[in-house]
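S.K.: Just dropping this structure here.
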Amino acid sequence: MLNGDTKRKIQGARDILVGKIPVPTAQVEQITLALMYKFMSDMDEQAKKLGDKTGFFIGEFEKYSWKNITDTTLSAYDRVALYSEGLEKMNNNPNVPQLFRDIFKGAFLPFKDPETLKLFLDQINEIEYTHSEDLGDAYEYLLSVMGSQGDAGQFRTPRHIIDFIVQVVDPKKEDRILDPACGTAGFLISAYKHILKQNTAKDSKVLGDNLSPMDRRNLTKNFVGYDISHEMRRLSLVNMYLHQFSDPQIYEYDTLTSTDHWDEDFDCILANPPFMTPKGGIRPHNRFSVKANRAEVLFVDYIMEHLSTTGKAGIIVPEGIIFQSSNAYKNLRKLLVDDNYLWGVISLPQGVFNPYAGVKTSVLLLDKNIAKKTDNILFVNVEGDGFDLGAQRKENGKNDLPEVLNSLKKYKEMVLNDKEIKEEELFNTNVVGKSRIKESGDYNLSGNRYKSSERNLYVKGKWEEANLGDICIIESGSREKGGSIDEGIPSIGGAQIDEFGGIKTNSMVYVSEPYYKNMKKGVLKKGDVLVVKDGATTGKTAYYEEQFKDAAVNEHVFILRAKDGLILSKYLFYIIKSENFQKKLKPYVKGMIGGISLDIKEIKIPLPPIEEQKKIVDELDRYQRIIDGARMVIDNWKPEIEIDPEWTSREMVNVANIIMGQSPPGSSYNKEGEGKPFYQGKSEFSTIYLMSPKTWTTDPKKSASQGDIVMSVRAPVGPVNLVREEICIGRGLAAIQSNQEVIDNMFLFYYLRTIEKNIKGNGGAVFDSISKANLENLEIKVPEMKKQKEIARKLEMEEGLVETLQEKIKEIKRRSRDYIKSKIYGEV
């Protein structure tokens, strides 16, 4: 058991390093190397006491022993030189096992300050242990500290969440266990401890005492981990070694692009795979079932593909896996459900990964035995995990995990033993038939979509209906002759109403104050519902929150003012904005450019009692608050780099190759997908990637490859996008192919986005453009490569979260729409 003194010493070591090494992962790496260095020297000292003359620090490596490095007679600068040299040479020490050589591979001391090193080594020297397991506990604490700090692009899994998932999946001693993105081996260590506890005699203080020596040997051979990062592999090797794994099977391996281990399968897979995908996507091999280039999709696919015939898994996934609508996500969910992998989905609280990221996650539970025996999927909602969801994640005692774990065990027992599913005995759960999940075709795995509380349906006729004209006043406004003016009293038309039901205060037009005072109709009051009555946006709806002291609507907008005691104004707003009402409105739209008359007063709407209206409004307001919060983040996010003027200046020609586009012959164009996709200019750009192609050419002249940056070089000059697949580019575009030895591709992409408005064209009689020469002369400020990658990873991570929020908005809109349909209109 780790004591408080050891925790303080580990924290002290980090505090010493933080001034020289600000990145948490790098701090942990240096503490790891020092702990292992001292551990090897300590084992040598113990061997000498027993008369053993062999050891790690013998021969030419004796001078590098911990005892010599910490000798107080050694000068400060000699200590720096000796320790630095020892770290770098340890990988070549013939007296050290291969495992330890792997740990020290590429090791170096990233600072040369003698005072800092002395303080650091003195602090490490004070960490005491009687057994490697004690050091293992200390090391686990060190890794947990790193988890609380986070690192760019990676989400460390909280230890209690790891332990909870392991208990749910329940690995056994005979299982072959994999983590395909193992990081620091947290899942593997937790699974190992879980199996030891399963095989411990009652009241015994020795973990795993029911395991035979053969069981123990086999057990340590059954754990496998992959990680793409050399640094993460090093941390995993140390962690496994310190937990009694003499030869850990941890491989530096790209799970998604390599096939070296593809033909292996496992009885149990546990993972929190990376959520973020490098821009340009991943280029996986062709053995995946789902065609995708998103990391989270490919990892779930990989795990399904590599389960044995009775395999089981627990996977932490971002919300995109649960509900995103693109084909890759839908196809993945279809496989999970139709091919009998998935049996449960656990929704975790948003904030579990704080303070590093507020990303919303769920846990997919896979088990081929359970999934084959039931036609249902179990959805579980965890509202509290024992900690608050703020940045500090302080314990608060509100912990659903024990009850949820108990419910999951009960459910598994019911299914596997062919017992009746008694949902009333389960905590925060919702059992949903697979057939219902398949109904919409998108295989949505959001548990709230199927909640019984949201299916409190009313048959048509449950609520009385009333004519719109009987429950509200309907009138439109006007403007003075000559139209709107630039200042005065706000005059709201269709252009001032946004898609979310709000008023665009930053694009306002006005009427004069005298005209406003003489208006008989169209003067706004708080709670008025606004409906565009003609033009391209007929039917668009807003709610007036009294954004202005005085305001009116113009002749293109109806005011619907609720009559007191009959209908709540906010309920009226949600009804008018609903898909159901908008369908009823269509027959009343007349003319080529639309136009609705006062005949809409005949439209009937459901009219529940006022108390019921309040409940409905409260629920819909809750949905709207989520949408507003997500929009605020999206609207305020700016994917820009803070450019340091001290960075090295380079011309574009020195960091990238530029290919100017050339349009192919007109006869080569087609819409049938024959040949190569063709893109002409800015009109085909989207937020990040080019839009789906609309035109192809069989005679491409100039091409851009997957991952290339494309820039608009003609009216307008400067905007950039990324390429998903090889394309043909026309005269309006240039392909920018970064020299990866000099500049990180994503850094260059975000850099060009940052300076986009400052990129000047050559002018032109018809439209602005920029020549290849001027583009090659463009100044690019370039920091060191490590800094570039840190900046790019941070922005990619933020961009991924923004994309998730955009999908979340779509999902909440759909839930709001479904709620209105079921609760108000009685549609199933």
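The values are calculated or read from the model by the stated rules, or taken from the named source; none is laboratory data. Everything numeric here is computed off the predicted structure, so don't read it as measured data. Every residue, glycine among them, receives a Cβ derived from its backbone with ideal geometry; neighbour counts consider all protein chains shown. The protein model used for the area step is the full one, side chains on, heavy atoms only, and it has no ligands, DNA or RNA in it. Shrake-Rupley method; radii C 1.70, N 1.55, O 1.52, S 1.80 Å.
S.K.: Mind listing the Cα extents of region 278-388 along all three principal axes, in Å, largest one first?
M.R.: The principal-axis extents, from largest down, are 42, 41, 24 Å.
S.K.: Any lysines with Cα under 19 Å of the LYS9 Cα? List them, leaving off those in the same chain fewer than 8 positions away.
M.R.: LYS20, LYS38, LYS118
S.K.: I need to check one value: relative contact order of the chain, counting alpha carbon pairs closer than 8 Å and at least 6 residues apart, in percent.
M.R.: After rounding, I find 8 percent.
S.K.: Here is a further query. Taking the alpha-carbon distance from LYS172 and a cut-off under 20 Å, which aspartates and glutamates remain once sequence neighbours fewer than 8 residues away in the same chain are dropped?
M.R.: ASP163, ASP209, ASP215, GLU264, ASP265, ASP267, ASP367, GLU413
S.K.: Hey, can you find the accessible area per residue of region 465-557 for me, probe 1.4 Å, expressed in square angstrom?
M.R.: Per residue, region 465-557 has 49 Å² of solvent-accessible surface.
S.K.: Taking the Cα-to-Cβ direction at ARG436 and at GLN198 and moving 7 Å from each Cα, how far apart do the two end points lie in nm?
M.R.: 3.2
S.K.: Tell me, what is the FRET efficiency for ASP260 and LYS586 to the nearest 0.05, using R0 = 45 angstrom and their Cβ-Cβ distance as r?
M.R.: 0.15
S.K.: Evaluate the Kirkwood expression for the hydrodynamic radius of the chain, namely the inverse of the mean inverse distance over all pairs of different C-alpha atoms, and round to one decimal in Å.
M.R.: 31.3
S.K.: Cα axis of helix 610-636 to longest principal axis of the chain: angle in degrees, 0 to 90, nearest 10?
M.R.: 60
S.K.: Let me ask something else. Name the aspartates and glutamates eligible as straight-distance cross-link partners of LYS676: C-alpha to C-alpha under 18 Å, and not fewer than 8 places from it in the same chain.
M.R.: GLU684, ASP699, ASP708, GLU725, GLU726
S.K.: Could you report the accessible area of ASP163 in Å², rounded to 10, computed with a 1.4 Å probe on the protein chains as they sit in the structure?
M.R.: 60
S.K.: Whenever you get a sec, compute what percent of the accessible area on region 607-711 sits on carbon and sulfur atoms (1.4 Å probe).
M.R.: Carbon-and-sulfur percentage of accessible area, whole number: 48.
S.K.: How many nm separate the modelled label positions at SER308 and MET43, each set 7 Å beyond the Cα in the direction of the Cβ?
M.R.: Label-label distance for SER308 and MET43, simple model: 3.1 nm.
S.K.: Also: Going by alpha carbons, how many degrees (0 to 90, nearest 10) lie between the helix axis of 24-49 and the longest principal axis of the chain?
M.R.: Compared with the principal axis, the helix lies near 20 degrees.
S.K.: Let me ask something else. Pull out the extension gain between SER507 and LYS173, defined as 0.36 nm times the separation in residues minus the alpha carbon to alpha carbon distance; nm, one decimal.
M.R.: 113.6 nm
S.K.: For a test of the definition: using alpha carbon positions, the gyration tensor, and the 1.5 limit on a/c, classify region 521-612 as rounded, prolate or oblate.
M.R.: oblate
S.K.: State whether region 355-450 is rounded, prolate or oblate according to the following rule on the C-alpha gyration tensor (a ≥ b ≥ c being the square roots of its eigenvalues): a/c under 1.5 gives rounded; otherwise a/b larger than b/c gives prolate, and the remaining case gives oblate.
M.R.: Judged from the Cα gyration tensor, region 355-450 comes out oblate (a/c at least 1.5, b/c at or above a/b).
S.K.: Compute the semi-axes of the equivalent ellipsoid of region 618-713, taking the square root of 5 times each eigenvalue of the Cα gyration tensor, and list them largest first in whole Å.
M.R.: 36, 27, 8
S.K.: Roughly what % of Cα-Cα distances in region 693-783 sit above 16 Å, to the whole percent?
M.R.: Result for the distance tail: 56 percent.
S.K.: So which GluC sites (Glu not before Pro) in region 223-293 end up in coil per DSSP with only 16 or fewer other C-beta atoms within 10 Å?
M.R.: Here the GluC sites (Glu not before Pro) that fit, given the DSSP loop and packing criteria, are GLU264.
S.K.: Okay, next question. What percentage of the solvent-accessible surface of region 336-418, computed with a 1.4 Å probe over protein heavy atoms, is contributed by carbon and sulfur atoms?
M.R.: That fraction is 41 percent.
S.K.: What shape does region 741-828 have by the C-alpha gyration tensor, where a ≥ b ≥ c are the square roots of the eigenvalues, rounded means a/c under 1.5, and otherwise prolate means a/b greater than b/c and oblate the rest?
M.R.: oblate
S.K.: While we're on this one: Roughly how big is the chain's charge dipole about its Cα centre, with Cβ charges of +1 (Lys, Arg) and -1 (Asp, Glu), in debye to the nearest 20?
M.R.: The dipole magnitude comes to about 2360 debye.
S.K.: For the chain, find the longest principal axis of its Cα atoms and tell me its angle to the long axis of helix 114-125, 0 to 90°, nearest 10.
M.R.: Roughly 80 degrees between the two axes.
S.K.: On the accessible surface of region 726-828, probed at 1.4 Å, how many percent belong to carbon and sulfur atoms?
M.R.: Of the solvent-accessible surface of region 726-828, carbon and sulfur hold 47 percent.
S.K.: Cross-link list LYS682/LYS781; LYS330/LYS614; LYS334/LYS419; LYS53/LYS105; LYS638/LYS694; LYS334/LYS360: which exceed 31 angstrom alpha carbon to alpha carbon?
M.R.: LYS330/LYS614
S.K.: While we're here: Of the listed pairs LYS205/LYS394; LYS615/LYS823; LYS526/LYS615, which have alpha-carbon separations greater than 19 Å here?
M.R.: Table pairs above 19 Å Cα-Cα are LYS205/LYS394; LYS526/LYS615.
S.K.: Stretched out fully, how many nm does the piece from PHE108 to ARG217 gain, at 0.36 nm a residue minus the Cα gap?
M.R.: Contour length minus Cα-Cα distance gives 35.8 nm.
S.K.: How far, in nm, would the chain grow between ALA495 and ARG287 when pulled straight, counting 0.36 nm per residue and subtracting the alpha carbon separation?
M.R.: Gain on extension, ALA495 to ARG287, equals 69.8 nm.
S.K.: Something else now. Using only DSSP helix segments of four residues or longer, with each worth -39500 (n - 2.57), what per-residue ellipticity at 222 nm results for the chain after dividing by its residue count and rounding to 500?
M.R.: Calculated at 222 nm, the ellipticity per residue is -11000 deg cm²/dmol.
S.K.: Only residues of region 695-730 count here: report those whose backbone N is under 11 Å from the spot 7 Å along Cα→Cβ of SER686, or say none.
M.R.: Counting backbone N atoms under 11 Å from the label point, the list is 724.
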